[in-house]
Amino acid sequence: MDDRVILRVGAKILIPFILIFALYVQFHGDYGPGGGFQAGVIFAAAFVLYALIYGLGNVVRVLPPKAAYVCGALGVSIFVGVGFVTMALGGGFLDYGVLAHDPAHGQHYGILGVELGVLITVFGVMVALFYAFAGRRRIEP
Amino acid sequence: MSENLPALLIVVPLILAPVAALVGRRDLSWAVAAAACWWAFGAALALLRRVQAEGVIRYELGGWAPPIGIEYRVDLASAFVALIVATIGAVTVVYARTSIAQEITEDRAPLFYAAYILCLTGLMGIAITGDVFNVFVFLEISSLSAYALIALGHDRRALTAAYQYLIMGSVGATFIVIGIGLMYVMTGTLNMVDLAERLPAVADNRTIPVAFAFLTVGVTLKLALFPLHLWLPNAYTYAPSAVTAFMASTATKVSVYLLLRFFFTVFGFDFAWVGMELHRVLMPLSVVAILAMSLVAIYQTNVKRLLAFSSVAQIGYMMLGISFGSVLGVTAGILHLFNHALMKGALFMAMGCVMYRVGSVSTDRMAGLGKAMPWTMAAFVLAGLSLIGVPLTVGFVSKWYLVQAALEQGQWAVAGVVMVGSLMALVYIWKVVEVAYFGEPDPDHELREAPLGLLVPTWILVIASFWFGIDATTTAEVATAAAETLLRGLP
């Protein structure tokens, strides 16, 4: 795609904004529409766009398949980990109220923690899926 | 800590699944999986004890009180099913160590164990949750990981088998979610207890029978009731040995439990049996399942496939017991749930031993195995006796209850079908015995007994199937109490 100047420059301009928008969707999730799943998909879309324009080899250097694989597992651990923290603090599973002195703040932190886990897993799995189809060969875990 | 037990039963394995995927080495990931399974076994046992002592346990997730929040609602039936799943999971994970080391490459083993733990988590989750949408979520967790587990089979046909199961299973899951959606539209709630209270008021509306029909078809697809069993034989035949043993003893059983839960707890006996006359559908299908599938099993040459068709027939026995709609009948169904898990697990494990040494479970490759692998074949024969229903085995106990339930309602013909089914089981088990003990071994192949890592779990299940056959009081008491709770409906 060396001759497609518009695509290359356009992607370069767009990608940072896509990443920022993903984070906006993530952190705005508890006030408006959005949340971890959508944010994870948007975050992964930035990587897919980069791979489409600049080639799979370049994106794999930024994010090796191994890292995508780890992300997929790490996010689940964060999600369940938040539940374990609330249980350790004396609440029930995912009872965010106990996370801070003010239960309303606790709910806030808890949701953000859980949604962060969702973002990381969805992002990791989306990118791993893309690698698996785009590479047409096994992604070494 | 202890008040969180229902949640911990589910979330400890859930957090160990990504750990198993991340540790990266086969032995380490096995150790993590073993820890998860043995934890689940201990927790499920403790949960059953507590339900027996204190009655129903209700646990609200996230501090949101039901019916708005999700709750786990553990009664005797759910604790019993969770314990069955956890027991089989804990025995199979020991078996998997040796069998998976041969069947699955080092780099894929961590993913295998992660999927195995997730499947266990999902199945136990279905058993203890009190929220119908949560049921669907856990069903998807267990099904998706099951598709992956089956696809990991050595044979390339495992891929098509898994794909077939994926399509059929997704159709079933979709039907279930449509049924749940229709109920939600009519009642505005997803909590089982709340649904049971609100459904009678709207039961005259056409939507509720439609929801009932969708749920029935969806769940019977998942539990492989004849004629919706087409995904099962291939999936069981080509999956890795440990997966077949695990799935055959747990996945369909949990679906049977789900059916009980929907029919008795959510819709209630009056709606399902008196209003919709469900037994008119279930009983004929169960009878056909027993007779036709046993007949098909007789003609199989691949023993794993033979046992798979026998599983469909055995599901017929469970559904037959449930279709009576009486305490005795449902008791027979729940008992057979447990008993069949033990014996089919043992049979598939014995076939896994044969697969390990011979590399095939076709009857023409099994000639003379009785001499070469005496312990494996002895386990197969003893578990086979249980499948036939010989006294002193668990199979006898469940058939005893089943025949009693049939006679209680004066259904002599149905009792006869149970007897004929047992005779047919004798034929297909004998077929394997004949080849293994009276066939001439192939002199070119030097065969040895299977390693202890495979034999010990197999024999644990064989001994258990005799133990609970000789002393059936514990299991029968739990099953009767569970059946009574289910039929009584909600307090």
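The values are calculated or read from the model by the stated rules, or taken from the named source; none is laboratory data. From a predicted model like this one, the values you see are computed outputs, not experimental measurements. Glycine also receives a Cβ, built like all others from the backbone with ideal geometry; neighbour counts cover every protein chain displayed.
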Count - residues of the range B:9-24 that are more than 7 Å from chain A (Cβ to nearest Cβ), under 20 Å from B:ALA127 (Cα atoms) and surrounded by fewer than 23 Cβ atoms within 10 Å (Cβ to Cβ): 1
In the range B:270-318, the residues that are in contact with a Leu (Cβ under 8 Å, 6 or more places away or on another chain), over 24 Å from B:LEU199 (Cβ atoms) and of a type in the set (Phe, Trp, Tyr): B:TYR317
Residue match in the range A:53-65 (condition: within 23 Å of B:LEU111 (Cβ to Cβ), among the aliphatic types (A, V, I, L, M) and in contact with a Gly (Cβ under 8 Å, 6 or more places away or on another chain)): yes
Some residue of the range B:25-37 being surrounded by fewer than 19 Cβ atoms within 10 Å (Cβ to Cβ), facing chain A (nearest Cβ under 10 Å), not acidic (Asp, Glu) and not in a helix (DSSP H, G or I): no
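Sort through B:THR220, B:THR189, B:THR250 and tell me the only one that's part of a helix (DSSP H, G or I), over 18 Å from B:MET276 (Cβ atoms) and of a type outside the set (A, V, I, L, M).
Working: B:THR220 fails: over 18 Å from B:MET276 (Cβ atoms); B:THR189 fails: part of a helix (DSSP H, G or I).
Going through B:THR220, B:THR189, B:THR250 in turn, just one is part of a helix (DSSP H, G or I), over 18 Å from B:MET276 (Cβ atoms) and of a type outside the set (A, V, I, L, M): B:THR250.
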Where B:ALA79 falls short, out of the listed (1) more than 14 Å from chain A (Cβ to nearest Cβ); (2) closer than 19 Å to B:CYS353 by Cα: (2)
Residue check for A:PRO33: out of contact with any His (no Cβ under 6 Å at 6 or more places or on another chain), within 14 Å of chain B (Cβ to nearest Cβ) and farther than 27 Å from B:LEU111 by Cβ: no
Any pair with Cβ under 9 angstrom, 6 or more apart, that starts in the range A:105-116 at a residue that is farther than 12 Å from A:GLY81 by Cα and modelled with pLDDT under 85 and ends at one that is part of a helix (DSSP H, G or I) and polar (S, T, N, Q): A:GLY106/A:THR86
Filter result (free of Cβ contacts under 8 Å to residues at least 40 places away in the same chain and within 14 Å of chain A (Cβ to nearest Cβ)) within the range B:120-150: B:GLY122, B:VAL137, B:ILE141, B:LEU144, B:SER145, B:ALA148
Given (1) in contact with a helix residue (DSSP H, G or I) (Cβ under 9 Å, 6 or more places away or on another chain); (2) farther than 27 Å from B:THR129 by Cα; (3) not in a helix (DSSP H, G or I), number of the condition B:LEU225 does not satisfy: (2)
Total residues in the range B:209-239, condition within 17 Å of the chain's Cα centre (by Cα), over 29 Å from B:GLY352 (Cβ atoms) and among the hydrophobic types (A, V, I, L, M, F, W, C): 0
Subset tally (residues that are surrounded by 24 or more Cβ atoms within 10 Å (Cβ to Cβ), among the hydroxyl-bearing types (Ser, Thr, Tyr) and farther than 29 Å from B:SER241 by Cα) for the range B:275-327: 1
Yes/no for B:VAL93 being part of a helix (DSSP H, G or I) and farther than 20 Å from B:MET247 by Cβ: no
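Against the condition free of Cβ contacts under 8 Å to residues at least 40 places away in the same chain and on the phi > 0 side of the Ramachandran plot, how does B:GLY389 come out, does it pass?
Details: free of Cβ contacts under 8 Å to residues at least 40 places away in the same chain: yes; on the phi > 0 side of the Ramachandran plot: yes.
It is true that B:GLY389 is free of Cβ contacts under 8 Å to residues at least 40 places away in the same chain and on the phi > 0 side of the Ramachandran plot.
Give the residues of the range A:57-79 that are more than 14 Å from every other protein chain (Cβ to nearest Cβ) and surrounded by fewer than 15 Cβ atoms within 10 Å (Cβ to Cβ), sorted by residue number. Spell out how you get there, then give the answer.
Step one: filter the range A:57-79 for residues more than 14 Å from every other protein chain (Cβ to nearest Cβ), giving A:57-64.
Passing the criteria: A:GLY57, A:ASN58, A:ARG61, A:VAL62, A:PRO64.
Which of the residues belonging to the range B:254-283 are among the polar types (S, T, N, Q) and over 14 Å from B:VAL132 (Cβ atoms)? Steps first, answer last, please.
Step one: of the range B:254-283, the residues among the polar types (S, T, N, Q) are B:255, B:265.
Correct list: B:SER255 only.
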Near pairs, Cβ below 9 angstrom, 6+ apart or cross-chain, from the range B:98-112 (within 14 Å of another protein chain (Cβ to nearest Cβ)) to any residue that is among the hydroxyl-bearing types (Ser, Thr, Tyr): B:ALA109/B:SER29; B:PRO110/B:SER29; B:LEU111/B:SER29; B:PHE112/B:SER29
Counted residues, the range B:16-59 - those being under 22 Å from B:GLY489 (Cβ atoms) and of a type outside the set (A, V, I, L, M, F, W, C): 5
Boolean, A:LYS66 is charged (D, E, K, R) and touching a residue at least 60 places away in the same chain (Cβ under 8 Å): yes
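So which of B:VAL427, B:VAL397 ends up being among the hydrophobic types (A, V, I, L, M, F, W, C) and surrounded by fewer than 24 Cβ atoms within 10 Å (Cβ to Cβ)? Break it down into steps so the answer makes sense when it comes.
Working: B:VAL397 fails: surrounded by fewer than 24 Cβ atoms within 10 Å (Cβ to Cβ).
Just a single option satisfies the conditions, and that option is B:VAL427.
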Residue check, B:ARG73 in contact (Cβ under 8 Å) with a residue 60 or more places away in the chain, within 30 Å of A:PRO65 (Cβ to Cβ) and charged (D, E, K, R): no
Selection count, the range B:38-58, where residues are assigned to a helix (DSSP H, G or I) and either within 11 Å of chain A (Cβ to nearest Cβ) or over 18 Å from B:ALA90 (Cβ atoms) (or both): 5
Exclusive hit being surrounded by 17 or more Cβ atoms within 10 Å (Cβ to Cβ), within 29 Å of A:LYS12 (Cα to Cα), touching a Leu at 6+ places or on another chain (Cβ under 7 Å) and touching a residue at least 40 places away in the same chain (Cβ under 8 Å), set A:PHE130, A:PHE47: A:PHE47
Subset tally (residues that are under 30 Å from A:VAL9 (Cβ atoms) and without any contact (Cβ under 8 Å) to a residue 24 or more places away in the chain) for the range A:69-100: 0
Subset of the range B:358-390 [more than 12 Å from B:VAL303 (Cβ to Cβ), surrounded by fewer than 20 Cβ atoms within 10 Å (Cβ to Cβ) and over 23 Å from the mean Cα position of the chain (by Cα)]: B:GLY359, B:ALA367, B:GLY368, B:LYS371, B:PRO374, B:TRP375, B:ALA378
Hits in the range A:80-115 (condition: surrounded by fewer than 21 Cβ atoms within 10 Å (Cβ to Cβ), among the aromatic types (Phe, Trp, Tyr) and within 12 Å of chain B (Cβ to nearest Cβ)): A:PHE84
Filtered residues of the range B:423-441 (kept if modelled with pLDDT of 90 or more and of a type in the set (Ser, Thr, Tyr)): B:TYR428
Flag for B:ILE117 being under 21 Å from B:PHE262 (Cβ atoms) and either within 14 Å of chain A (Cβ to nearest Cβ) or of a type in the set (Gly, Ala, Ser) (or both): no
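Across the range B:277-301, what is the total count of residues that are in contact with a helix residue (DSSP H, G or I) (Cβ under 6 Å, 6 or more places away or on another chain) and not in a helix (DSSP H, G or I)?
The number of residues fulfilling the criteria is 3.
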